[in-house]
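Comments concern the structure below.
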Amino acid sequence: MRVAVVAGPDPGHSFPAIALCQRFREAGDAPTLFTGVEWTGTARAAGIDAVELDGLVATDDDLDAGARIHGRAARMAALNVPALRDLAPDLVVSDVITSGGGMAAELLGIPWIELSPHPLYLPSKGLPPIGSGLAPGTGIGGWLRDVAMRALAGRSWRAGLRQRAAVRVDIGLPARDPGPLRRLIATLPALEVPRPDWPDEAVVVGPLHFEPTDQVLDIPAGSGPVVVVAPSTAMTGTVGLVDLALQCLTPGETLPPGSRVVVSRLGGADLTLPPWAAAGRGRQDELLTHADLVICGGGHGMVAKTLLAGVPLVVVPGGGDQWEMANRVVRQGSARLIRPLVADALVTEVNEVLSSPGYLEAAREAAASIAGVADPVRVCREALALAG
């Protein structure tokens, strides 16, 4: 089948989309990726047809975030209808925050599926609001807390639904959003939380990881642990993580003798490195086979990739969903959390994880949960057949 996969340019969303395209191609389908121009060449080099997603440049100045998000989605839907019509796909898979792809599919009468490159973030009547980082409350006090928080968050959610309905009508769609055929939840089961209202259309398919380079980072010689520092690729990520880590994590002083520090990043200015450190752009999947610990910002992609390798973490969350993700992995037992980022806390938590085998055991348990996921290509094919 012909499949259009739509995702914005943020690596946390474009890379899972490329990985999904690879899965479709391996299964004999014909995927085309619609994404930011900065990654179309990378996708093509990986053997994926890729075209620029129109409408990514902001043209609005609405101060209301909801109105801005939904208005931009509607504008992108209209702009990308011609390219999708020419492609004539059998199915559109649209990233959860690039919702214009789903609207465009609706305008053309094409079935569509939503891709969430992280846990399911829909509201639940059994959970605190997503983003709070809180576990479900216990006892009457916890129940009341969650009810109150859901009521407050629900106002914003309902306002967003009204805004979405209005822009749908503006571009010729019914006000009521029918939603996708399926929601592909691309995470590890260990990072999900039980909820009493799991949607029938949501299916956990496991993390979708793509390596944008074939280069392998050299690890400095040494007999001690390998500590990987992976700064966030998100605009809301914690600033200064790499500089502070290189300043305060020193083998034989604040780290065990013989330790190595490897900074894994997509780009940035050259760093002045001591002999026990390395930095650059390299395959993270290969690097993680040597890692004893990962320090990262809490973005789902790096957290899931690290856990899939059975490696524990120290998480320094920034904004967006990083606080939610950091708290989930802490509750799962694989990580320690730092906020705000200060040198003493970083040294303390890194050594706590390195010296306590429970974090490694929990990370390996999280990796084992991959056995419970579904094949995303099969989910898409079966959904399309049923919609048939």
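The values are calculated or read from the model by the stated rules, or taken from the named source; none is laboratory data. None of these values were measured; they are calculated from a predicted model. We place every Cβ from the backbone using ideal geometry, glycine too, and count neighbours over all the protein chains shown.
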Take the residues in region 163-189 that are surrounded by 12 or more Cβ atoms within 10 Å (Cβ to Cβ) and among the basic types (K, R), then tell me which one is nearest to F15 (Cα to Cα). R183
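Could we say that R328 is under 19 Å from L293 (Cβ atoms), out of contact with any Cys (no Cβ under 6 Å at 6 or more places or on another chain), of a type outside the set (A, V, I, L, M, F, W, C) and assigned to a loop (DSSP other than H, G, I, E, B) here?
Details: under 19 Å from L293 (Cβ atoms): yes; out of contact with any Cys (no Cβ under 6 Å at 6 or more places or on another chain): yes; of a type outside the set (A, V, I, L, M, F, W, C): yes; assigned to a loop (DSSP other than H, G, I, E, B): no.
The answer is no for R328.
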Let me spell it out: the conditions are (1) among the charged types (D, E, K, R); (2) closer than 25 Å to G137 by Cα; (3) touching a strand residue (DSSP E or B) at 6+ places or on another chain (Cβ under 6 Å), and D197 meets all of them except one. Which number is the exception? (3)
Answer yes or no: is there a residue in region 286-301 that is at pLDDT 95 or above, among the aliphatic types (A, V, I, L, M), farther than 20 Å from R260 by Cα and part of a helix (DSSP H, G or I). no
Has region 224-234 got at least one residue that is without any contact (Cβ under 8 Å) to a residue 40 or more places away in the chain and either under 30 Å from A135 (Cα atoms) or within 24 Å of the chain's Cα centre (by Cα) (or both)? no
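Condition check ((1) at pLDDT 95 or above; (2) assigned to a helix (DSSP H, G or I); (3) surrounded by fewer than 19 Cβ atoms within 10 Å (Cβ to Cβ); (4) more than 20 Å from the chain's Cα centre (by Cα)) across all residues:
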{"position": "F34", "(1), (2), (3), (4)": "yes, no, no, no"}
{"position": "G41", "(1), (2), (3), (4)": "yes, yes, yes, yes"}
{"position": "T59", "(1), (2), (3), (4)": "no, no, yes, yes"}
{"position": "G66", "(1), (2), (3), (4)": "no, yes, yes, yes"}
{"position": "H70", "(1), (2), (3), (4)": "no, yes, no, yes"}
{"position": "A73", "(1), (2), (3), (4)": "no, yes, no, no"}
Is it true that some residue in region 116-133 is surrounded by 22 or more Cβ atoms within 10 Å (Cβ to Cβ), assigned by TED's automatic domain parsing to the domain that holds P196 and not in a loop (DSSP other than H, G, I, E, B)? yes
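Hey, could you check region 1-32 for residues that are of a type outside the set (K, R) and assigned to a strand (DSSP E or B) and say which is nearest to G55 (Cα to Cα)? Please lay out each step first, then the result.
The first filter runs over region 1-32 and keeps only residues of a type outside the set (K, R), leaving 1, 3-22, 24, 26-32.
Subsequent filtering for residues that are assigned to a strand (DSSP E or B) retains 3-6, 30-32.
Numbers: V3: 20, A4: 17, V5: 16, V6: 12, A30: 24, P31: 21, T32: 18 Å.
Looking at residues that are of a type outside the set (K, R) and assigned to a strand (DSSP E or B), I get V6.
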Show the residue pairs meeting these rules: Cβ distance below 8 Å; 6+ apart or different chains; first residue within region 163-188 and at pLDDT 95 or above; second residue assigned to a strand (DSSP E or B) and among the polar types (S, T, N, Q). P180/S94; R183/S116; L184/S116; I185/S116; A186/S116; T187/S116
Restricting attention to region 337-383, which residues are crowded, with 17+ Cβ neighbours inside 10 Å, over 22 Å from the mean Cα position of the chain (by Cα) and not assigned by TED's automatic domain parsing to the domain that holds G299? R381, A383
Is there a residue in region 302-311 that is in contact with a helix residue (DSSP H, G or I) (Cβ under 9 Å, 6 or more places away or on another chain), modelled with pLDDT of 95 or more, among the charged types (D, E, K, R) and within 26 Å of V373 (Cβ to Cβ)? yes
What pairs come up if the first residue lies in region 370-388 and is touching a residue at least 40 places away in the same chain (Cβ under 8 Å) and in a helix (DSSP H, G or I), the second is buried (at least 18 other Cβ atoms within 10 Å of the Cβ) and among the aromatic types (F, W, Y), and their beta carbons are under 6 Å apart, counting only those six or more places apart or on different chains? V377/F24
What about G179, is it in contact with an Asp or Glu (Cβ under 6 Å, 6 or more places away or on another chain) and on the phi > 0 side of the Ramachandran plot? no
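Only one of these is small (G, A, S) and touching a strand residue (DSSP E or B) at 6+ places or on another chain (Cβ under 8 Å): A135, A153, A88. Name it. I'd like the intermediate steps shown before the answer.
Values: A135 fails: touching a strand residue (DSSP E or B) at 6+ places or on another chain (Cβ under 8 Å); A153 fails: touching a strand residue (DSSP E or B) at 6+ places or on another chain (Cβ under 8 Å).
Result: A88 is the single residue among A135, A153, A88 that is small (G, A, S) and touching a strand residue (DSSP E or B) at 6+ places or on another chain (Cβ under 8 Å).
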